[in-house]
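S.K.: Can you read through this structure? Questions will come right after.
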Amino acid sequence: MFEKVYIDVFALFKNGKVYPKNIIWTDGKNFEIDKILDIRRAAAQNVGGLGLRYTCRIRNKVVYIWLDENIWFLEIKR
């Protein structure tokens, strides 16, 4: 079972593009994004939604986060 979790993101806006730098978890923990590996339009197939999917590396783990009309979210397996 997957759940859509909305998160806060610190992002850099550069040349008309958005680059996430840190994500803030629902409990307030801050995680720095080590590297953005890929950016593409994609569906969040497990929870619904469509937007820009950022494939990021955070603490040596690959994490997908989505930007859907100025709202950031990710899929969490519960």
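S.K.: Before I look further, what does the chain give for accessible area per residue, probe 1.4 Å, in whole square angstrom? Show your work: numbers first, answer last.
M.R.: On the way: 5520 Å² over 78 residues.
Accessible area per residue, the chain: 71 Å².
S.K.: Provide the FRET efficiency to the nearest 0.05 for the ARG78-PHE13 pair, computing r from the beta carbons and using R0 = 35 Å. Intermediate results must be reported in sequence, preceding the final value.
M.R.: Details: r = 33 Å, r/R0 = 0.93.
Plugging the Cβ-Cβ distance into 1/(1 + (r/R0)^6) gives 0.60.
S.K.: Separate question: What is the chain's relative contact order, in percent, from Cα pairs under 8 angstrom and six or more apart in sequence?
M.R.: 31
S.K.: Let me ask you something else. Less than 10 Å Cβ to Cβ from PHE2, Lys/Arg counted +1 and Asp/Glu -1: what total charge do the surrounding residues give?
M.R.: Values: positive: LYS4, LYS77, ARG78; negative: GLU3, GLU75.
Its environment carries a net charge of +1.
S.K.: Computed FRET efficiency, Cβ-Cβ of ASN22 and GLU69, R0 30 Å: what is it to the nearest 0.05? Present the calculation step by step, with values, prior to reporting the outcome.
M.R.: On the way: r = 21 Å, r/R0 = 0.69.
Approximately 0.90, to the nearest 0.05.
S.K.: To the nearest whole percent, what portion of all C-alpha pairs in the chain is separated by more than 21 angstrom?
M.R.: Numbers: 593 of 3003 pairs.
The calculated P(r) of the chain puts 20 percent of pairs beyond 21 Å.
S.K.: Moving on to the next point. Label-point separation (nm) for TYR6 and ASP34, each offset 7 Å from Cα along Cα-to-Cβ?
M.R.: Placing both labels 7 Å along Cα→Cβ, they lie 3.0 nm apart.
S.K.: Using the Cα centre of the chain as the reference point, and only Cβ charges (+1 on K/R, -1 on D/E), how large is the resulting charge dipole? Debye, rounded to the nearest 20. Walk me through the numbers on the way to the answer.
M.R.: On the way: 14 positive and 9 negative charges, 61 e Å.
Its charge dipole is roughly 300 debye.
S.K.: Counting only protein heavy atoms and using a 1.4 Å probe, what share of the accessible area of the chain belongs to carbon plus sulfur, as a whole percent?
M.R.: Numbers: 2630 of 5520 Å².
Taking all protein chains in place, the chain shows 48 percent carbon and sulfur surface.
The values are calculated or read from the model by the stated rules, or taken from the named source; none is laboratory data. Note that the structure is a prediction, hence the values are computed from the model and not measured. Virtual Cβ from ideal backbone geometry, glycine too; neighbours counted across all protein chains shown. In case anyone asks, the SASA skips ligands and DNA or RNA and just uses the protein heavy atoms, side chains included. Shrake-Rupley method; radii C 1.70, N 1.55, O 1.52, S 1.80 Å.
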